[in-house]
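Reading through the structure tokens given below for one structure.
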Amino acid sequence: YNFTDCDFEKIRKKYQEVIYQALEKYMNGIKSTEFNNPIYCEDPPDCLTKIERITFYPTHGCTSLAKEIFAVGTNAALTLQCPGYSGMQINNTQAKKKRKKREVTTNKCRKQVAYLIELWRRFSRIS
Amino acid sequence: GDWALEGALQLQIINFNFEVVQVTWNASKFSGTNLTFLYKLSSDKTSSQCSNYIFQQSHTAGCLLEAKKDEILCFSIKNETHLLLTKCQWISAYLKPSSPKDLNFQWHQEAITVTCSDLPYKRLLYEIQYKSMFDTEWQSKEGETCNVTTDGLDAEKCYFFRARVKTMESSYGPDTYPSDWSEVTHQQRGELRDSCQERKLFPKFILIS
Amino acid sequence: GESGYAQNGEFEDAELDDYSFSCYSQLEVDGTQHLLTCAFDDPDVNSTNLEFEICGALLNVKCLTFDKLQEMYFIKTKKFLLIGDSEIHVKLGGKNITSKKLNIVEIVKPEAPFDIRVIYRKGANDFLVTFNTSHSQKKYVKELMHEVAYRQEKNENDWMHVNLSSTKLTLLQRKLQPDAMYEIKVRSIPNANYFQGFWSEWSPTFHFRTPEITGRMDP
């Protein structure tokens, strides 16, 4: 999906007012700058492309971000503000099982979320 | 890992208004050797060694490098034999905006609008602080542009004003620095004053109810 | 015909009573829990067996059912996504009677401000009004506009109003009647362009008396 036609201003507000809080809650006090090598993004569409990839596509060692609150919020924001974006089918009912059964937040996942935080910050600075 | 070394080096990064980035370290734990600073901005093609070291007791203690835009800085610090630290971060994470200049004041009845020129980048908070001679603390008002109106003032009283710029944490992170305060200016009856006489008042506060 | 339902549970078409309703949300009203409250606009609606349900823009669930306390329907939950619209359904025996689309972040009613005080500052010839709000500690609805209203007690409808975004205000002595009893109160409304909504309830009223003599202020 090409994010060029999204309403970046509205996405930014949803990030600043809602998604940001969920990302901070996920990191639980750990700063994103404690992780090296942030991912660069050039412009708003590029940032959203990389945000979508990290949020919804599993990586080695971190397979479950799509069910997190910030991911459900990201999916809702992109679906609302990007024409033709059909959104990720997050099986909402079994999302975020009880903490015991859910995969413990791995450091690999925190690193992915640190990348997300930096990408969202960059997105909000330039849109 | 890097985190521990970063602590040992007492590393500090300050991005002065996206014009100059200052990286400083304390090499005293490394028997006073001359540490070398290599860096590459995301818009640079190749890495380069620092061309503008900061010295302390004749040893390298930091580097000043020119910043051009909001981008990622990668750098490494070495002694003669070992690579001590490598780090990559957005330079915006350590931004210190320049302080507001040429403040302009416009009175209208019991309100005053303070304006100045906006900095060329976004997601900043322009903070205006004011107090009258009878107030013990500054009162703050913020705006996302440098056009902040404060009302409920008494035109007869003399007021102190100052301004600074802060960053929005959701856009820059928690490690930035507020700008320095602007000079304090004094206003009374809609006009600029040289000063407001500081009155050593024994505050006669009477809580009425 | 008579609205109601037949003995064997078949539902006659409920006479088209006016089932219009209104809702407001209060975010982080109890720690991280939010509160959504709805009520029928017509207080005379017979709400027995009527249920409220919200669907959409929820975390991990498709729908949530309201609890009921007298004529108020309410949900206390952390599951509001705060992005996107929801649908509120009014149901009678599981059958949808009426629905309405709403967005939780656009119907926010802040908690009332509290602890309003007035301090007379003799040297400054003014009154320092301060009050408090629980919203300064919240994550979501942090930015509020406040409305302070004050009047002389004996003047029934002569309220004076001041809008401000901070929680401190000065009233100039020269603008008030000397040796008079005043009452003052304050309320709040969301002031950010993401969270919108309604005025809170008024704070409790504070009463104060102005001094007799209005001395000139030393420059």
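Taking amide H positions as modeled 1.01 Å from N, with prolines and chain starts lacking one, the residues under 5 Å from residue C:170 and 5 or more places away or on another chain are C:129.
Suppose R0 equals 35 Å; then what is the FRET efficiency for residue C:163 and residue A:53 from their Cβ-Cβ distance, rounded to the nearest 0.05?
Working: r = 46 Å, r/R0 = 1.30.
According to the calculation, E is roughly 0.15.
Suppose we flag GluC sites (Glu not before Pro) only when DSSP calls them loop and at most 15 other Cβ atoms lie within 10 Å. Which is the longest uninterrupted stretch of chain A? Maximal segment without exposed cleavage sites: A:43-102.
For residue C:197, the residues whose modelled amide H falls within less than 5 Å of its own, excluding neighbours fewer than 5 places apart on the same chain, are C:108.
Of the trypsin sites (Lys or Arg not before Pro) found in the range C:113-219, those in coil by DSSP whose Cβ has at most 13 other Cβ atoms within 10 Å are C:154, C:216. Apolar share of the accessible surface for chain C: 47 percent from carbon plus sulfur atoms, 1.4 Å probe. Multiplying the residue separation of residue C:69 and residue C:122 by 0.36 nm and removing their Cα-Cα distance gives an extension gain of 14.1 nm.
Here the 3J(HN,Hα) profile of the range C:186-202, calculated from phi with Karplus coefficients 6.51, -1.76 and 1.60 at θ = phi - 60°, is 8, 9, 9, 9, x, 10, 9, 7, 8, 8, 10, x, 10, 5, 6, 5, 5 Hz, Gly and Pro shown as x. Residues whose amide H falls under 5 Å from that of residue C:144, counting only those 5 or more places apart or on a different chain, are C:191, with hydrogens built in the peptide plane.
Determine the shape class of the protein assembly as shown: with a ≥ b ≥ c the square roots of the Cα gyration tensor eigenvalues, call it rounded for a/c under 1.5, and otherwise prolate if a/b is greater than b/c, oblate otherwise.
Working: a/c = 2.62, a/b = 1.10, b/c = 2.37.
Oblate, because a/c is 1.5 or more while a/b does not exceed b/c.
Measuring heavy-atom accessible area with a 1.4 angstrom probe and counting protein chains only, the residues of the range B:45-93 that give up at least 50 Å² relative to the chain alone are B:70, B:88, B:89, B:90. In this simple spin-label model, placing a label point 7 Å from the Cα along the Cα-to-Cβ direction at both residue B:66 and residue B:8 gives a separation of 3.5 nm.
Local charge sum around residue B:47 (other residues, Cβ-Cβ under 14 Å, Lys/Arg +1, Asp/Glu -1)?
Details: positive: B:40, B:45, B:78, B:87; negative: B:44.
Neighbour charge sum, excluding residue B:47 itself: +3.
Approximating the spin labels as points 7 Å out from Cα along Cα→Cβ, the residue A:107-to-residue C:20 distance works out to 6.1 nm. Taking label points 7 Å from Cα along the Cα-to-Cβ direction, residue B:140 and residue B:42 give a separation of 3.0 nm.
Contact with the other protein chains removes 50 Å² or more of accessible area, compared with the isolated chain and a 1.4 Å probe, from these residues of the range C:100-121: C:120, C:121. Karplus-derived 3J(HN,Hα) values for the range B:57-69, using 6.51 cos²θ - 1.76 cosθ + 1.60 with θ = phi - 60°, are 6, 6, 10, 5, 9, x, 9, 10, 10, 7, 10, 10, 7 Hz; glycine and proline are entered as x. Determine the distance separating the Cα centre of the range C:119-135 from the Cα centre of the range A:36-68; give it in Å without decimals. Centre-to-centre distance over Cα atoms comes out at 50 Å. Of interest is the spacing of the C-alpha centroids, which for the range A:108-127 and the range B:1-65 amounts to 25 Å.
Share of carbon and sulfur in the accessible area of chain B stands at 49%, probe radius 1.4 Å.
Between residue C:213 and residue B:180, what's the calculated FRET efficiency when r is the beta-carbon distance and R0 is 41 Å? Round to 0.05. Intermediate values should be presented prior to the final figure.
On the way: r = 45 Å, r/R0 = 1.10.
Plugging the Cβ-Cβ distance into 1/(1 + (r/R0)^6) gives 0.35.
Only aspartates and glutamates eight or more places from residue C:68 in sequence, or on another chain, were considered; those with a Cα closer than 14 Å are C:51, C:53.
The values are calculated or read from the model by the stated rules, or taken from the named source; none is laboratory data. What you see is a predicted model, and the numbers here were worked out from it, not measured in a lab. Positions of Cβ are generated from backbone atoms using ideal geometry, with glycine treated the same way; all protein chains shown enter the neighbour counts. Keep in mind that these areas ignore ligands, DNA and RNA; they rest on the heavy atoms of the full protein, side chains included. Shrake-Rupley method; radii C 1.70, N 1.55, O 1.52, S 1.80 Å.
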